[in-house]
Amino acid sequence: MKRIKIGINKLISSTRKKIKKIKKEHLIRQFIQDNLLLIVFIATVVINSTILRFFCMKSIENYLSIKAIMADTVVAMFIGSFSFLFKPKNRFAYLISFNIFLTLICIINSVYYTFYTSFASVSMLSLTQYVSDVGDAVVENVIQLKDLIYILGPIILTITHFKLKKKKYYKRIDLKSERKRKTVKSLGATGILLLLFLVTMNSLDVSRFIKQWNKEYIVMRFGIYVYQFNDAVISIKPKINSMFGFDKANKEFLDYYQNTPTNPQTNEYTDIFKGKNVIVIHAESMMTNVMDMEFNGVKVAPNMTRLSEEGMYFPNFYSQVSVGTSSDSELTFNTSLLPTKSGTAFVSYSDRTYITTPKYLKEQGYYTFSMHANNADFWNRRNMYNSIGYDRFYSKVDYKVDKENIIGLGLSDKSFFSQSITKLKKINEKHDKWYGLLIMLSNHTPFSSVDKYGEFPVDIKETVTMEDGRVEEKVYPYMEGTKVGNYLKSYHYADSALGEFMTGLDEAGLLDNTVVVIYGDHDARLPKKDYDRLFNYDKENDATLDEEDVNYKEYDSYQYELGRKVPFIIWTKDMKGTKLNMKVNNVMGMYDVMPTLGNMFGFYNKYALGHDIFNIGSNNIVVFPNGNWVTNKMYYNSQKSAYLPLTEEEITEEEITKNVEYTNKLLDVSNNIITFDLFNPEKNLSLEKE
Ligand code: GP9
Ligand code: MN
């Protein structure tokens, strides 16, 4: 009897459990059915952000970062919660609008990342007019299928909507009070998740979130949406900041210069070029690592190589550009300041006071000018050049631009140079001493005017003697038909234009009393993987060597960063074979140019952030706008807080900390100088009079 009782009890309890389970399942199913649109909305928003991280940040802990997924979910739930305030039939319109908006954020960042290896900034909006000029270049070079995958999000949401419509989902009566209750409940759930997220944050997360300079880190920890929102706030802030934070910025500025030795130091190069004319060549997208590479016995850039061998050459030179690319190089070259943290100096801060090389030379009686056969408004040069102190800007309107003379963005370098010689002759006749910047243009991404670059095969041709004595020519395609291959052809063209220019200058007698300074303005901005084939070609299989192969030359993110070196050459006609004809191997940055040239031309800028390379020597450090830095000993990646040793020398924690602090200080001081106009004596009364 007892046994039967126990049996019945068991049966009852198991049936109860089953009913409970069914009820639970039913409730869950019911919940999903009731909120399907919102659930799909949240899922697509979170998945899109995860896909973006997957494409940009490769490592699993980055793209499957729990923190980022939580943050994305909080954003999606927060937005989604308010959908309950709408009548059911209007909810889709609300959700799809936000879904499309958030999808666009993903697409823009996906494209932008491929191009700049960084995430997009709202402060770039003021640059869109320039971007549209290079728009074709961007589209052709960068938009890939992977950038469009995000569209699946809104598509799935729309399909869900139509399915629900068919099931008469929207016909259900939904009382106002019920809608409010649902909104509050949903916001409550969002709040709990937000709280959980905040608990996981550490002090580094908070500090980086506030500063926003380490974009990769923020996207990894906070997801793309929070990043973009924070970026929007931070981009607007400078406008407001420059009205309010002056005292703090000025204090940091004064502290920095009080603790930094600012006395001119002489060395054996002091005044060596005083009074000589100067031609500065802004060599668009020329990189160091492929400059003397040979294809079928012909160098990529034979003229650049020759000039580097005849002059003073700095093979470990880096440009320090941010989103302002060409314009940032011009800024740093002429001011020894670094690019601004948001926006660009040329576009957002062209009305500030700058201490510049042209201004110093003007004090010595020089006539100063810039020549660039592009639209004068590009990078806002027309305005910014007044602040840099050029007497004259020879822009597109001063050149004859024919259809047949156009390559890529505008007038071909060959035509630009030959027309410039005529102008230089006139300038030379009229002025005693002059300083001119000539900005090249043809070697600009996307390097697609291949038919105009002239013959430069980037394949491998080999003659093979067969067993029967016949001689056969074998051709391996190597870089033909690749983006890097096209870049090399374009580089070769630009180099040959430069060669013709040098010959033309010499024939016109313009090299006799002139110092030629050449800098590459930034790297070619081609994706990392494209270089893999260049350095790891397996000709037998016409493929890229496997990473396991003994001959595989690692081209990881460090190699990529180090590979962004650009050539820097100081050359005069009579330098070859003298003691000035030398290679300076210490790392050097664009911000070291002004102090180095200043010493040679007889001026000194105590506010320069860089150093005379002949004084600082092997102790130099090159600071990059993203917080990375490089010394002779190591390359430091601030995003990853990791480094690559470049020598066998021991590296200490202290020196890393010291350099990280120095980098942050320099970026802050430079940014303060520009945003708060600290070089303007009318605004900054504490500025020491020279
Ligand atoms: C445009 C040229 C190129 O005038 O200087 O600018 P970039 O796209 O290299 O910044
Ligand atoms: Mn450029």
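The values are calculated or read from the model by the stated rules, or taken from the named source; none is laboratory data. From a predicted model like this one, the values you see are computed outputs, not experimental measurements. For neighbour counting, all protein chains shown are included, and Cβ atoms are generated from backbone atoms with ideal geometry for every residue, glycine included. Surface accessibility is based on the protein's heavy atoms, side chains included, excluding ligands, DNA and RNA. Shrake-Rupley method; radii C 1.70, N 1.55, O 1.52, S 1.80 Å.
Before moving on, here are some points about what is shown:
- The set of residues in the range 361-388 that are within 18 Å of residue 328 (Cβ to Cβ) and either more than 10 Å from ligand 1 (Cβ to nearest atom) or out of contact with any strand residue (DSSP E or B) (no Cβ under 8 Å at 6 or more places or on another chain) (or both) comprises 370, 377, 378, 379, 380, 382, 383, 384, 385, 387, 388.
- Check on residue 554, in the same structural domain as residue 417 (by TED's automatic domain parsing), under 30 Å from residue 626 (Cβ atoms) and open to solvent by 40 Å² or more (accessible area, probe 1.4 Å): yes
- Odd one out for residue 240, checked against (1) more than 16 Å from ligand 1 (Cβ to nearest atom); (2) open to solvent by less than 50 Å² (accessible area, probe 1.4 Å): (2)
- Unmet requirement for residue 495, which otherwise passes all of (1) open to solvent by 10 Å² or more (accessible area, probe 1.4 Å); (2) away from ligand 1 (no atom under 16 Å from the Cβ): (1)
- Here the condition is being assigned to a loop (DSSP other than H, G, I, E, B) and within 16 Å of ligand 2 (Cβ to nearest atom); of 510, 526, it holds for 526 alone.
- Candidate set: the range 292-315, residues that are among the aliphatic types (A, V, I, L, M) and open to solvent by 10 Å² or more (accessible area, probe 1.4 Å); chosen: the one farthest from ligand 1 (Cβ to nearest atom): 298
- Failed criterion for residue 321 (all others in (1) out of contact with any His (no Cβ under 9 Å at 6 or more places or on another chain); (2) open to solvent by 20 Å² or more (accessible area, probe 1.4 Å); (3) within 16 Å of ligand 2 (Cβ to nearest atom); (4) of a type in the set (Val, Ile, Thr) hold): (1)
- Entirely in the range 577-690, the helices (runs of 4 or more DSSP H) that have 2 or more residues that are out of contact with any Pro (no Cβ under 9 Å at 6 or more places or on another chain), assigned by TED's automatic domain parsing to the domain that holds residue 561 and not β-branched (Val, Ile, Thr): 593-601, 653-675
- Any strands (runs of 3 or more DSSP E) falling wholly within the range 383-489 and containing at least 1 residues that are within 30 Å of residue 292 (Cβ to Cβ): 434-439, 460-465, 471-476
- Any hit, the range 446-454, residues being under 33 Å from the mean Cα position of the chain (by Cα), modelled with pLDDT of 95 or more, among the β-branched types (Val, Ile, Thr) and open to solvent by 10 Å² or more (accessible area, probe 1.4 Å): yes
- Number of the exception - residue 374 against (1) open to solvent by less than 20 Å² (accessible area, probe 1.4 Å); (2) away from ligand 2 (no atom under 15 Å from the Cβ): (2)
- Residue match in the range 325-347 (condition: within 16 Å of ligand 2 (Cβ to nearest atom), touching a His at 6+ places or on another chain (Cβ under 6 Å), in the same structural domain as residue 446 (by TED's automatic domain parsing) and acidic (Asp, Glu)): no
- Scanning the range 377-399 for residues that are within 16 Å of ligand 2 (Cβ to nearest atom) and either touching a Lys or Arg at 6+ places or on another chain (Cβ under 7 Å) or at positive phi (or both) yields 379, 380.
- Where a residue in the range 276-291 is more than 16 Å from ligand 1 (Cβ to nearest atom) and in a loop (DSSP other than H, G, I, E, B) and its partner, wherever it lies, is basic (Lys, Arg) and open to solvent by 10 Å² or more (accessible area, probe 1.4 Å), with Cβ under 8 Å and at least six apart: 276/433; 288/565; 289/565; 291/299
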